[in-house]
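Visitor: Following this message is one structure expressed as structure tokens.
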Protein chains: 2
Amino acid sequence: MTRTNLFPDSSAAPAAEDVARVAVSTVIFSLRRDAGRDLPTLVLPLVRRTRDPFEGLWALPGGWLDASESLDAAASRTLEETTGLAPSYLEQLYAFGAVDRSPTRVVSIVYWALLRADEASMELIDSTKDAPDNVLWFDAASLPRLAFDHNEIVDYALWRLRNKVGYSRIAHGLLGDEFTLAELREVYESILGRSLDPANFRRQVENSGTLIPTDRFRTGSHRPARLYRYNRDVELAERGPLPVRH
Amino acid sequence: MTRTNLFPDSSAAPAAEDVARVAVSTVIFSLRRDAGRDLPTLVLPLVRRTRDPFEGLWALPGGWLDASESLDAAASRTLEETTGLAPSYLEQLYAFGAVDRSPTRVVSIVYWALLRADEASMELIDSTKDAPDNVLWFDAASLPRLAFDHNEIVDYALWRLRNKVGYSRIAHGLLGDEFTLAELREVYESILGRSLDPANFRRQVENSGTLIPTDRFRTGSHRPARLYRYNRDVELAERGPLPVRH
């Protein structure tokens, strides 16, 4: 049996007008404390479009791939240029390539990351600032109609966040090096959008082997609570949107 | 703060010569029984290149994205055109976009699937056939130097297969509807390249909740062994290279 070899080669390159252009976009999740709400709000930054198509609508931060940069580099560069955010690690999430997702044919390679509140730009994250601005953080649970297929992309990123991220990784990505079990549970409740039973949660965390109790305690207005840290010895098969990795 | 909105729009499209072209490639894993080996061999189909670049080297099945088809459709079409294989479900694995991975700039969206031996083309999978052929199945553990960055892509796919695929999904993808625990363990041993303790393996499978024992037994030269099936009630958070889905 002999079949045609269709794999890319220069001589059989598609005509320029048939080429799909490659873009990158990034979903950055962080947590924000809003007045009058018990739980932190899961938020992500969006950029208002100033040109057609979809002028005036909000979109994920992103831009075109340059010929001279890798996909990872393009994601970091366009995120920084559009929002000023520079997470130390972005993970590739998925490539979106539906034919009708843009007026011209565009394949978007989407990246994601979790960002601790102290890493996020305070200027950006302060929703009370009333100066006109084309970059704002939005509540992930109540987004407006976004440009392109970006609502669908955020839905997919939320699905992955809810399903795939282990306790330790959430902790590492959104809470920093040490945290109480109540703080960790609160993060989970924010992401899942529902309350979790504290005793069940503690049992699951302790059984997971991914957290290590420290000798330190959080003190303050409540009774002291033990601080935990991420167990770096656990070899995680699962990659997630972990901000700290070269 | 006002920043430039870099997200794709027609007016700011990159010049044609700067555009990275988009290709798709597919990694198909199956198992093959080789004479003189205890365990089945994990194999994947490769296509010999008939043109530069990398003429004469083997490459993953694939081809260019057409302007009028989705990424999924392009993966299915190019796989069928190059190898004759048509798995019912392909999952997107990763987008590879290193600047130097091809003489011209190409971003490859890579898909993958597991294929049962009876789904794989017998003509393709029969390595004893000595007619000249530009499509062959190779032992995943001992590949030659492949075209482009395809060795790296296969290494990544193997890493994902070894780390991310649950018992039930492996069973579903490579074994069919019903199987014994010994058959399932053999699949795992083939993939991991090492022996597993039968008692530990049984315990892990039974604790996973992803398999259901049936009332049927495999009979033959050995003592009868109970058949198990995939528990479809388990909502799998993890998506994997599952061949059977809508």
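Visitor: I want to confirm something. Restricting to the range B:63-76 and keeping residues that are in contact (Cβ under 8 Å) with a residue 24 or more places away in the chain and out of contact with any Asp or Glu (no Cβ under 8 Å at 6 or more places or on another chain), which single residue is nearest to B:A117 (Cα to Cα)?
Guide: Among those that are in contact (Cβ under 8 Å) with a residue 24 or more places away in the chain and out of contact with any Asp or Glu (no Cβ under 8 Å at 6 or more places or on another chain), it is B:A75.
Visitor: Separate question: State whether the residues of the range A:51-62 include one that is closer than 17 Å to A:F29 by Cβ, at the interface with chain B (Cβ under 10 Å from one of its Cβ atoms), out of contact with any Leu (no Cβ under 9 Å at 6 or more places or on another chain) and in contact (Cβ under 8 Å) with a residue 24 or more places away in the chain.
Guide: No; the residues of the range A:51-62 include none that is closer than 17 Å to A:F29 by Cβ, at the interface with chain B (Cβ under 10 Å from one of its Cβ atoms), out of contact with any Leu (no Cβ under 9 Å at 6 or more places or on another chain) and in contact (Cβ under 8 Å) with a residue 24 or more places away in the chain.
Visitor: Condition first: within 20 Å of A:Y230 (Cβ to Cβ) and open to solvent by 50 Å² or more (accessible area, probe 1.4 Å). Now tell me which residues in the range A:193-203 satisfy that.
Guide: A:R202, A:R203
Visitor: Name the pairs: first residue in the range B:145-157 and without any contact (Cβ under 8 Å) to a residue 60 or more places away in the chain, second residue part of a loop (DSSP other than H, G, I, E, B), Cβ to Cβ under 6 Å, at least 6 apart or on different chains?
Guide: B:D149/B:R101
Visitor: Only one residue in A:R51, A:R77, A:R3, A:R37 is open to solvent by 40 Å² or more (accessible area, probe 1.4 Å), assigned to a loop (DSSP other than H, G, I, E, B) and at pLDDT 90 or above, so which one is that?
Guide: Going through A:R51, A:R77, A:R3, A:R37 in turn, just one is open to solvent by 40 Å² or more (accessible area, probe 1.4 Å), assigned to a loop (DSSP other than H, G, I, E, B) and at pLDDT 90 or above: A:R51.
Visitor: Take the conditions under 21 Å from B:Y94 (Cα atoms), assigned to a loop (DSSP other than H, G, I, E, B) and either at pLDDT below 95 or hydroxyl-bearing (S, T, Y) (or both) and apply them to A:A67. Does it pass?
Guide: Judged against the criteria, A:A67 is a match.
Visitor: Next question. Of all residues in the range A:124-148, which are within 29 Å of A:L227 (Cα to Cα) and at pLDDT 85 or above? Give the steps one after another, and end with the answer.
Guide: Of the range A:124-148, the ones within 29 Å of A:L227 (Cα to Cα) are A:125-126, A:139-140.
Once the filter is applied, which keeps residues that are within 29 Å of A:L227 (Cα to Cα) and at pLDDT 85 or above, the range A:124-148 yields A:D139, A:A140.
Visitor: Quick one: count up the residues across the range B:97-113 that are open to solvent by less than 20 Å² (accessible area, probe 1.4 Å), touching a helix residue (DSSP H, G or I) at 6+ places or on another chain (Cβ under 9 Å) and not hydroxyl-bearing (S, T, Y).
Guide: 7
Visitor: From the list B:V43, B:V99, B:V22, pick out the single residue that is at the interface with another protein chain (Cβ under 7 Å from one of its Cβ atoms), in contact with a Lys or Arg (Cβ under 8 Å, 6 or more places away or on another chain) and at pLDDT 90 or above.
Guide: Criteria check complete, one pass: B:V99.
Visitor: Can you tell me how many residues within the range B:51-71 are at positive phi and hydrophobic (A, V, I, L, M, F, W, C)?
Guide: Of the residues in the range B:51-71, 1 are at positive phi and hydrophobic (A, V, I, L, M, F, W, C).
Visitor: Quick one: in the range B:80-96, of everything that is at the interface with another protein chain (Cβ under 9 Å from one of its Cβ atoms) and among the hydrophobic types (A, V, I, L, M, F, W, C), which residue is least open to solvent (accessible area, probe 1.4 Å)?
Guide: B:A95
The values are calculated or read from the model by the stated rules, or taken from the named source; none is laboratory data. From a predicted model like this one, the values you see are computed outputs, not experimental measurements. Neighbour counts run over all protein chains shown; Cβ positions are idealised from the backbone, glycine included. Surface areas here come from the heavy atoms of the whole protein model, side chains and all, with no ligands, DNA or RNA. Shrake-Rupley method; radii C 1.70, N 1.55, O 1.52, S 1.80 Å.
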